[in-house]
Amino acid sequence: MLSIATCTLKHIFKEFTNSLKALYTPEECQILFFEFLHVRAGISKSVFYTQPDYALNTQICIILGQDIKRLIAGEPFQYVLGQVEFCNVTIRIDSRALIPRPETEELCFEIQKRFTSNGPILDLCTGSGCIAIALKHFFKLNDIYAGDCSDAALNLCNENAQRLGLVLTVFYLICMSSLFRFRIRFLIS
C-alpha cells in the first residue's frame, strides 16, 4: 500500500496503478488516478506531469491508500469517490442510491432539448436526485417533484438539493396511487 515516506505524485501513481492492474486496464487506472487526485487533493493532470516529485501531505496519502483498498475490495469507484458528474453538476453518491448511468444523463439532455412546458415534472425512483436536480438546473421555474420508496435515497436526494441550493419537493412513494395528488405534465421514471 502507499508508503507515507514516499508520497510523491509519481510514487502514488505507480502504487495506484500497480495495486489496481488486476481490476482495470492501464488506461482505466490512469483515468481513475487523475480523478482521485483531483477530487482528493485538488491536483490537476498538468501538475502531475510538470511536478512528478511533488509530495502530498500525509493525510491525503492515507485517504488515497484507503481508497485503493476499497477499490480492490470491489466497491464502485463512484461510491469510493463519493461523487459523480451528472449533466454538468456534481452529485454526491453513496450506497443509498444507484450510480447514475450515462444513458440517464443523455435522457436528461434530450429532455432539455424537447421539453418546453412550465408545468411540474415528476421524477419517480429518484435515488440520488440526479435527474430531478439536472432538470431543476435546466428548468429553473418548473416545480420538480422527486419520489422514492427508500428513506435513505430520499435523504441523499435532499442532501444533494440542499448542497446545490435547489428547491425540490421530495416525497416518500408508498405506491403508485400517491401520484394522483399531482397534476403532472411530464413524468420521468
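Laboratory data are not the source of any read-out in this text; all were calculated from the coordinates shown. Just so we're clear, the structure is a prediction, and the values are computed from it rather than from any experiment. When we count neighbours, we look across all protein chains shown, and the Cβ atoms used for this are built from the backbone with ideal geometry, even at glycine.
Structural remarks
- Counted residue by residue at 0.36 nm each, then reduced by the alpha carbon distance between them, the extension gain from Cys149 to Thr8 reaches 46.2 nm.
- Partner lysines for Lys10 [C-alpha distance under 30 Å; skip if fewer than 8 residues away on the same chain]: Lys21, Lys45, Lys69
- Cα shape, the chain, gyration tensor, a/c 1.5 rule: prolate
- Relative contact order for region 19-95, counting Cα pairs under 8 Å that sit 6 or more residues apart, in percent: 24 percent
- Amide H contacts of Gln83: Ile93, each under 5 Å away and 5 or more positions distant or on a separate chain (H built 1.01 Å from N in the peptide plane; Pro and chain starts excluded).
- Under 5 Å from the amide H of Ser150 lie the amide H atoms of Leu173, each residue being 5 or more positions distant or on a separate chain, with H modelled from the backbone and absent for Pro and chain starts.
- Couplings 3J(HN,Hα) of region 111-128, computed from phi: 4, 4, 6, 9, 8, 10, 7, 9, x, x, 10, 10, 10, 8, 6, 5, x, 6 Hz, in residue order, whole Hz [Karplus 6.51 cos²θ - 1.76 cosθ + 1.60, θ = phi - 60°; x for Gly and Pro].
- Ordering Ala73, Phe48, Phe34 by Cα displacement along the dipole of region 4-74 toward the positive end leaves Ala73 in first place; charges were set at the Cβ atoms of Lys, Arg (+1) and Asp, Glu (-1).
- Extended-chain gain in nm, criterion 0.36 nm per residue less alpha-carbon gap, Glu159 and Gln112: 14.6 nm
- Phi angles of region 52-58 translate, via the Karplus equation with coefficients 6.51, -1.76, 1.60 and θ = phi - 60°, into HN-Hα couplings of x, 8, 4, 9, 7, 6, 4 Hz per residue; Gly and Pro are given as x.
- On Cα atoms only, tilt of 26-41 relative to the major axis of the chain in degrees: 80 degrees
- Under-5 Å amide H pairs with Phe139, H placed in peptide plane, nonlocal only: none
- Region 6-146, relative contact order in percent, only Cα pairs under 8 angstrom and at least six apart counted: 18 percent
- Net charge over other residues, Cβ less than 14 angstrom from the Cβ of Asn160 (K, R count +1; D, E count -1): -1
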